[in-house]
Amino acid sequence: MKAAAFFCAIILLFSLPTSVHADGEIRDIYEGLPNGMDGLLPEDFEDEMEKDDGVDAVKLLDVSFFTSFLGKSLSIALSDAAPMLLTLSVTVLICALLSSLGKEGGSVGRAMGFASSVSLCGSCISIIKPLSEQCLSTLDVISGIIKTSLPVMTAISLSMGQVNASTTNAAFLNAVLVLTEETGRQVLSPIIAVSIAFTAVSALSRGTGINLSHMVASVKKAFIFFITLLSTVLCFTMAFQTVIAKSSDTILLRSIKFASGSSIPIVGAALSEAAGAYLSGLSLIKGSAGALIAAAIALATVPMLLKLFAVKLCLTFVAFISDILGVNGAVVRDFASVCDMLIAMLVMSSLIFVISMGLFASVLPNI
Amino acid sequence: MTVLLKVCGCALVGALCAMTLKSNAKTVAAAVAVFSSLLILGAVIARFSGAVETVTEIMKESNVSDYGKVMIKALGVGIVVNTVGSICRDMGESSISSVVELAGKIEIVLICLPIISETLSLIKELLI
């Protein structure tokens, strides 16, 4: 039985992508980070990565670093949103002027009202569309980070003798990755696009007697339904991941221990001092790799989230001004709700990945 | 403020002259009314051009300057068409007034068309 388990473990070990090396480097994760991510990390991070398996480098990712990063991101997001706020406010002011003239202008006034609706809708959609694209590319960056780090984490897990846990976690994390990517691309993103389209058409058709606000509300309901369904499915997947990964390796751990990358299996209690030191190194890698992945996901997600929050704040404020000036602020409010959808999609995806990776790291034993 | 006072004064003088001349020389009264209306419109447009420049400069700072231009153009068309339509109605030519207003509406729709097509193409890009 043990021989069969050992044989299966060997096959699994070599069938999985194991990019971690025997010298304990975690450079695969660092070098696999998306372009531009290096600039977001601390200045001497790369130098520190070459020392002590990157433990000192990870220490640089402390609270003060994240606080300053948050501050910088917030400053950039607000400075990006400020011209939008100014322009939309001026647009709304001209809309108010058009509306006030339009009330006394009869049919010409209605045409002027139409022009103001078109301009306001065009302004909003030209702000929202790039945001939607940036949001999708951020999701791609997060997926890229997971795809890069998954083989390394799997290899670390394998090298610590967690054969079943590593395969289970890798399989479930892959499933989560595929499910999130596909659902994001095939379901949530089109729903957001349809929502933007309905909001725009609703704004353009305002005053014609065609009321599309119910359609916009229905699309929002569909989005909420799908995102709730996806979250539920992913939570169940993660629950299974935890249960299966934690219960499966107890028997195997007693008899088999592996060191991966060097391609030399170390069996039973015959661990030499060198192997012991190596495994200690892997333990450090485990901690540093997990922190680096979490940091990378945070660095990729936080600026986009802050940008979305800033734009949403700007749109909500403009909607408020619109209501005060007597211009219909529903158009702007509808576009602000699209920001909510983008925020929900981004937060759900990044949290799911961070939690999944956390679960993966949590099942690794302490050496 | 001084411009506004001048406009109000011009309007009062024009209205008084037109009213006085109405009983004896209807044609001259109409001409006076038209002249004073156009004078006031010119003063308002001259006053408004400074504000338009400021708004255009603000709009230039962001990428939605085209939409602001459309609104300003629509506003301009609306003001001109409303004024001319009112003058025509005062002169008893309501049919001409209707045609002028129709031309104004068509002009506003034509001004909006590029933005409508741009918005629809953006929606199309999102959906495909």
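What pairs come up if the first residue lies in the range A:114-126 and is more than 7 Å from every other protein chain (Cβ to nearest Cβ) and more than 11 Å from A:Leu204 (Cβ to Cβ), the second is crowded, with 24+ Cβ neighbours inside 10 Å and at pLDDT 80 or above, and their beta carbons are under 6 Å apart, counting only those six or more places apart or on different chains?
Within 6 Å, the pairs are A:Cys124/A:Phe335.
Going through B:Cys17, B:Cys8 one at a time, which residue ends up being under 24 Å from A:Leu97 (Cα atoms) and modelled with pLDDT of 85 or more? Step through it out loud before you land on a result.
Working: B:Cys17 fails: under 24 Å from A:Leu97 (Cα atoms).
Just a single option satisfies the conditions, and that option is B:Cys8.
List every residue pair whose Cβ atoms lie under 8 Å apart, where the two residues are 6 or more positions apart in sequence or sit on different chains, the first residue falls within the range B:33-47 and is over 16 Å from B:Gly85 (Cα atoms), and the second residue, located anywhere, is crowded, with 16+ Cβ neighbours inside 10 Å and β-branched (Val, Ile, Thr).
Partner pairs satisfying both residue conditions: B:Ala43/B:Val7; B:Val44/B:Val7; B:Val44/B:Ile79; B:Ile45/B:Ile79.
Can you name the condition, by its number, that B:Asn24 falls short on among (1) part of a helix (DSSP H, G or I); (2) open to solvent by 40 Å² or more (accessible area, probe 1.4 Å); (3) away from chain A (no Cβ under 14 Å)?
With (1) part of a helix (DSSP H, G or I); (2) open to solvent by 40 Å² or more (accessible area, probe 1.4 Å); (3) away from chain A (no Cβ under 14 Å) applied to B:Asn24, the lone miss is (1).
Residue-by-condition table, conditions (1) buried (at least 19 other Cβ atoms within 10 Å of the Cβ); (2) touching a Lys or Arg at 6+ places or on another chain (Cβ under 9 Å); (3) without any contact (Cβ under 8 Å) to a residue 60 or more places away in the chain:
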position: A:Lys307; (1), (2), (3): yes, no, no
position: A:Lys312; (1), (2), (3): yes, no, yes
position: A:Leu315; (1), (2), (3): yes, yes, no
position: A:Leu325; (1), (2), (3): no, no, no
position: A:Val332; (1), (2), (3): yes, no, no
position: A:Ala336; (1), (2), (3): yes, yes, yes
position: A:Asp340; (1), (2), (3): no, yes, yes
position: A:Leu346; (1), (2), (3): yes, no, no
position: A:Ile352; (1), (2), (3): yes, no, no
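If you scan the range B:75-128, which residues turn out to be open to solvent by 70 Å² or more (accessible area, probe 1.4 Å), assigned to a helix (DSSP H, G or I) and of a type in the set (A, V, I, L, M, F, W, C)?
Answer for the range B:75-128, where residues must be open to solvent by 70 Å² or more (accessible area, probe 1.4 Å), assigned to a helix (DSSP H, G or I) and of a type in the set (A, V, I, L, M, F, W, C): B:Ile96, B:Val99, B:Leu102, B:Ile106, B:Leu110, B:Leu113, B:Leu120, B:Leu127.
Scan the range A:169-220 residue by residue and report those that are polar (S, T, N, Q) and out of contact with any Asp or Glu (no Cβ under 9 Å at 6 or more places or on another chain).
A:Asn169, A:Asn174, A:Thr180, A:Thr183, A:Gln186, A:Ser189, A:Ser205, A:Thr208, A:Asn211, A:Ser218
Could you figure out which of (1) within 11 Å of chain B (Cβ to nearest Cβ); (2) open to solvent by 10 Å² or more (accessible area, probe 1.4 Å); (3) modelled with pLDDT of 75 or more isn't true of A:Thr167?
Here A:Thr167 clears every test but (1).
The values are calculated or read from the model by the stated rules, or taken from the named source; none is laboratory data. As the structure is a prediction and not an experimental result, all values here were calculated from the model. For neighbour counting, all protein chains shown are included, and Cβ atoms are generated from backbone atoms with ideal geometry for every residue, glycine included. Only protein heavy atoms, including side chains, enter the accessible area calculation; ligands, DNA and RNA are left aside. Shrake-Rupley method; radii C 1.70, N 1.55, O 1.52, S 1.80 Å.
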